[in-house]
Amino acid sequence: MSSTSGTSGTSGVGRVSDGNSATADTRNDADARRETAVEAALARLDLPAKVALLAGADMWSLPADERIGLGRLVMSDGPAGVRGEQWTPDDPSVALPSPTALAATWDLDLVRRAGRLLAQEARRKGAHVVLAPTVNLHRSPRGGRHFECFSEDPLLTGGIGVALVSGVQDGGVATTPKHFVANDSETERYTVDVRVDERTLRELYLAPFETIVRTARPWGLMAAYNAVNGPSMSEHAELNNAVLREEWGFDGVLVSDWTGARDTVRAALGGLDIAMPGPATVYGDHLVRAVRDGLVPETVVDQLARRVLRLAARVGLLAGAPAAVPAEELPAPIDGEALVRELAARSFVLLRNEGDVLPLDPAPASVALIGAAAAEPRIGGGGSAQVFPTRLVSPLEGLRAALGEGTRLVHALGADPRTFLPPAAFPCTAELLGAQGTLGTAALPGGDLRWLGALPGDVPFAQLTAVRLTGTLNTGATGGTGTTDAARTTGRHQLAVRGVGRFRLEADGEVLFDGTLLPEGEDPAAAFLNPPEHRVELELAADREVAVSLTCTMPEAGGFAGFGLVSFTLGHAAPTVSAEELIEQAVAAATAAEVAVVVVGTTEEVESEGVDRAGLRLPGRQDELVARVAAANPRTVVVVNAGAPVLMPWRESVAAVLLGWFPGQQAGEALADVLLGTVEPGGRLPTTWPAEEADCPVWEVTPTDGRLDYPEGLFIGYRAWQRRAGAAPAYWFGAGRGYTRWSYEGLEARLTEGAAGSTDTLAEVCVRVRNTGDRTGREVVQVYLATDGSDRSRPDRQLAGFAVVEAAPGAVATARITVPRRAVQTWDTTAHAWRTAPGVHTVEAGPDAGYRPLTLALVVPQD
Ligand code: BGC
């Protein structure tokens, strides 16, 4: 058969310069003019004015200084959408798939486009800095922010991070890769002292930051809350000044995590440029005094202020300084919804597809769509990464639209794993109350109220004494659980208050609750990350209208903890049948349908910032639901709506397993695209998925006496699994398949010229793969470097490069992969330097870490 070549891909790290020398000259000139403007501005500031640049004026911004033509600089979370200064459903943001999904695309060009979309959103929202990406590692699957990080592998994390940062900065908006460094779990996150050896720190946890800093040159970075081997990261002079700045050449700002700056002198000397949020920080007058008392040299303050001015200049906020990206070079507008849909579909990982049950092509005559997440998917993980979407397409809506009239689609709840009631689905009005009466009102689409940093209508926080949320519960209407059966709206409705503070809940004037809810634990952010709930039950008949009102009295002026935060939820659930009946209904629907699609997933309580996970089982009775549906219908497809690994005890007894992550706001459209085969599931696992909790190489995330040891050293993820006798993971790092098949046909490797010197590149590797199936498809070709096994301190093999290729049926595609020199280097803890391991290394190519059919010896010379 004659073979046409498919598209080839590149590996490793993203492109940051276009290599055009005229453009490079113009940029150098702009850089020089920017630095001159920064120095001129700095020279005009006295000590208090310089210090004023170093701390938040409020929750999200740095102050303007008109005397030097400096504008107000606004920062915003976060990795999966740009919230802006408001955090409210009436100021929504395009919600992207969460970072594990972005990493699962393994596609640097696509992720760069995601970065450009974030920049576009930032500009729309008036933000100059996006507090992203999160490039901590998947050390343990229990890490609460696992969904927010990319991978267990530093090379993949670094590559995706470079692509995202480059994309955002293409749009003239700054990033802050975070959290520098070793913020890999949440328990005692503000204070934990991570004890990690020097080599592990260098080869694993610092590695993605180093790649990003050296390659994408981010304009900012965020210091982690935690300490590393003693000093807190906002005060870590060795890592912040010696490593990050002197060794890697970082010239951006280092901003604290929110409330992470705790000591004036140590933070200033430790290289922390910006203390957030404000206005009360350890900088301000405290820093002016420290300089006057001789504890901090003024030259240090100059250095911090210089970097803040440089950031402002880069984003176009300093008069006389050229912005890093001139207006005429900004990328063309992006269709956010279309890109989110494409990203999601390309991130979905197909882990099993028995008898090619997928794609559903032609469309079946009947489909039973099962699960709470099928009607109300989780589109993102909890915490600061959360945004309110501009639109939300559920799997139910997406499939209904895509399947059309020809397919009978029924939805059954099956099991609802949520332990908190969902926000009321009826429209609400929020009244902002002050001592003299109403200060303003805001319309909300449901019972979720969250204002952070600013209030609607710019009502001053200091005047706010209470907020009253009102709405009409129509018992004939769709309830919060997605129940559409009007008969079931007669019966026991549940209402809930969720939040921290003093609340009064009334229905038709009757007081149902009047009391105070207190946060659990000591995490100050828990009040809005994981607030408590109080529920009441209400017997109601159908077709009734009940006036519901929930009043929250402000605990103190300025909202919770002086942050300017008002956050609470009015929850509602319509009457429903028992848990057992729900499963029976789902089984009946599955039995009657040609295909059953069950959407299972984690909940807000399971995957969120601020808490680590207790375990990896799917919450509620979802495992039982899948097992019983699969027993009833051999064509059962399970879609997993989770940002991090979950156990799937039924995985061998269902026809297909599709990992859908937290897919962002176009969830249902992307799912329909993939299930019906318009698009191939393009994702591959960025992290190994275990079969059992007990097999996980790293489980412990709870510090002992304030310390969290990393005793496993380099052996996390697949590096650990490949040393474990007798325990294989459920799915290896890199695993996943599309709708076609591939054969790995050829491998060549060539040492880069001068590889024994100081170049960053070790070798060029070419992998030829053939599409042996009957559909055009994409493959993520992975290259690993294996040692000869003589040095047991090194992992047996490590990812050394990857590329995405595409080919038509029968065609060959060539993946050209650049292997970085780091792939054969170890950190020498005596010389405190990188050292090449010379000798024979094996280049291996394949579709995942567990299967590498092509191998080749590569002899690496001594440095
Ligand atoms: C998180 C950061 C986030 C910041 C601002 C912190 O609690 O750790 O990732 O950027 O809050 O919301």
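Read the figures in this text as sums done on the coordinates, not as results from a lab. In this text, all values refer to a predicted model and were calculated from it rather than measured experimentally. Backbone-built Cβ (ideal geometry, glycine too); neighbour counts: all protein chains shown.
Quick check: the distance between the Cα centres of the range 659-680 and the range 528-543, to the nearest angstrom?
So the two Cα centres are separated by 32 Å.
For the pair Ala462 and Asp788, how long in nm is the line joining their label points, each one 7 Å along Cα→Cβ?
For the pair Ala462/Asp788, the computed spacing is 7.4 nm.
Long-range amide H contacts for Gly382: which residues qualify at under 5 Å (H placed 1.01 Å from N, peptide plane, sequence gap of 5 or more or a different chain)?
Those qualifying (amide H under 5 Å, at least 5 residues apart or on another chain) are Ser608, Glu609.
Each label point is 7 Å from the Cα along the Cα-to-Cβ direction; what then is the distance between the points at Arg741 and Asp514, in nm?
7.2 nm
Would you mind getting me the FRET efficiency between Thr842 and Glu580? Use the beta-carbon distance for r and R0 = 56 Å, nearest 0.05.
Computed FRET efficiency for Thr842 and Glu580: 0.55.
Tell me the trypsin sites (Lys or Arg not before Pro) within the range 375-428 that lie in a loop according to DSSP and have at most 13 other beta-carbon atoms within 10 Å.
Those satisfying the criteria are Arg391.
Mind grabbing the base-10 log of I(q)/I(0) for the chain at q = 0.07, 0.08, 0.09, 0.10 Å⁻¹? Debye formula, identical points on the C-alpha positions, no solvent, two decimal places.
At q = 0.07, 0.08, 0.09, 0.10 Å⁻¹ the computed log10 ratios are -0.54, -0.72, -0.91, -1.13.
May I ask you to list the residues of the range 255-278 whose amide nitrogen lies under 17 Å from a point 7 Å from Cα along the Cα→beta-carbon direction of Glu198?
Counting only backbone N, you get no residues.
How large is ³J(HN,Hα), in whole Hz, for each residue of the range 807-822 in order, when computed from phi with the Karplus curve 6.51 cos²θ - 1.76 cosθ + 1.60 and θ = phi - 60°, using x for Gly and Pro?
Per-residue couplings from phi come out as 7, 7, x, x, 7, 9, 10, 10, 8, 9, 10, 8, 8, x, 4, 4 Hz.
Give me, ordered by chain and number, the residues 5 or more places off Leu747 or on other chains with an amide H under 5 Å from its own placed amide H.
Long-range HN contacts for Leu747: Arg768.
Sorted by packing (mean other beta-carbon atoms within 10 Å per residue), highest first, where do 275-283, 152-160 land?
Put in order of decreasing packing, that is 152-160, 275-283.
Would you please give the residues with an amide H less than 5 Å from that of Arg741, counting only those at least 5 places away or on a separate chain, with H modeled from the backbone geometry?
Thr772, Gly773, Asp774, Arg775
I'd like the Kirkwood hydrodynamic radius of the range 38-100, using the inverse of the mean 1/r over distinct C-alpha pairs, in Å.
It works out to 14.0 Å.
So what J values fall out for the range 238-244 if you push phi through Karplus, 6.51 cos²θ - 1.76 cosθ + 1.60 with θ = phi - 60°, rounded to Hz, Gly and Pro as x?
5, 6, 6, 8, 5, 7, 4
Kindly state, to the nearest 0.05, the FRET efficiency for Asp543 paired with Leu856, given R0 = 60 Å and r defined as their beta-carbon distance.
Calculated value: 0.25.
Return the sequence-ordered ³J(HN,Hα) values of the range 365-379 in whole Hz as given by the Karplus equation 6.51 cos²θ - 1.76 cosθ + 1.60 applied to θ = phi - 60°, using x for Gly and Pro.
6, 8, 10, 9, 9, 10, x, 5, 6, 6, 9, 10, x, 8, 9
If I model a spin label at Ala332 and Arg835 as a point 7 Å from the Cα along the Cα→Cβ vector, what separation in nanometres do I get?
Placing both labels 7 Å beyond Cα along the Cβ direction yields 5.3 nm.
Give the separation of the Cα centroids, the range 274-317 to the range 736-812, in Å.
47 Å
Can you compute the helix-only [θ] at 222 nm over the chain? Use -39500 (n - 2.57) per DSSP H run of at least 4 residues, normalise by all residues, nearest 500 deg cm²/dmol.
Calculated at 222 nm, the ellipticity per residue is -6000 deg cm²/dmol.
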